[in-house]
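What follows is one structure encoded as structure tokens, with my remarks underneath.
The values are calculated or read from the model by the stated rules, or taken from the named source; none is laboratory data. These numbers come from a predicted model, not from an experiment. Counting neighbours? That spans all protein chains shown, and the Cβs are built from the backbone with ideal geometry, glycine included. These area figures cover heavy atoms from the full protein model, side chains too; ligands, DNA and RNA do not enter into them. Shrake-Rupley method; radii C 1.70, N 1.55, O 1.52, S 1.80 Å.
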Amino acid sequence: MASNERKMDPQGLREDTRRERVVYEIYPDLTWQPGDIPLSWFEIALLAEVEEYQPPGHPRSREVSSVLMELAEFLIQQIRSQVPPKVDLSSCYTLHPLGCGDFSRPRLFLSLSLVFSDVVPYRKVEEPGLLTELKTQLSLLDISRLEVDRSK
């Protein structure tokens with residue numbers, strides 16, 4: 001199978017993301033947003049848990065980044081029929097606490113962020129349809145949202 005065909009194979013992508021322990025997070029976190037301020041952007045951070053930092057040129061870093069890029073390309077292809085907003089991609093390492101504010105044993109992730117700007121303005125109670133569709137696509141691939149205890 002050609003590599004381009006492989007990238008759009010949901011089953012293969014599901015296996016790759018499971019192997020790399022991929023989860024996602026959404027920003028801004030609307031639970032902390034005032035309800036009366038309209039937003040016209042959101043970010044989906046695709047996160048692959050890693051054991052240690054590796055420089056970008058390291059084979060392991062390239063392998064994980066490749067899976068995240070395949071996932072991003074797949075998601076963008078799935079929403080292509082909708083009016084495409086501006087999408088920016090950025091990659092970095094991020095630390096996430098196990099519980100809110102508990103950095104005693106943080107988890108390290110290689111992340112790829114998809115920032116969607118110029119979306120139809122929405123408020124806290126109105127999730128944009130594009131975000132709903134992206135969450136549906138992630139769910140179909142068995143990718144869950146990062147679980148961080150926000151109650152503390």
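Just a few scattered comments:
- Any hit, segment 44-53, residues being in a helix (DSSP H, G or I) and closer than 18 Å to residue 127 by Cα: no
- Whichever residue in segment 117-140 is of a type in the set (A, V, I, L, M) and not in a loop (DSSP other than H, G, I, E, B) and, among such residues, is nearest to residue 10 (Cα to Cα): 140
- Set side by side, the residues 82, 11 differ, and just one is farther than 20 Å from residue 108 by Cβ, surrounded by fewer than 12 Cβ atoms within 10 Å (Cβ to Cβ) and at pLDDT 90 or above, which is 11.
- Taken over segment 39-54, the criterion of being more than 16 Å from residue 95 (Cα to Cα) and either out of contact with any Asp or Glu (no Cβ under 9 Å at 6 or more places or on another chain) or among the aromatic types (Phe, Trp, Tyr) (or both) is satisfied by 39, 41, 42.
- When residues of segment 138-152 are limited to those that are open to solvent by 20 Å² or more (accessible area, probe 1.4 Å) and at pLDDT 85 or above, the one nearest to residue 41 (Cα to Cα): 145
- Verdict on residue 16 being open to solvent by less than 40 Å² (accessible area, probe 1.4 Å) and over 13 Å from residue 93 (Cβ atoms): yes
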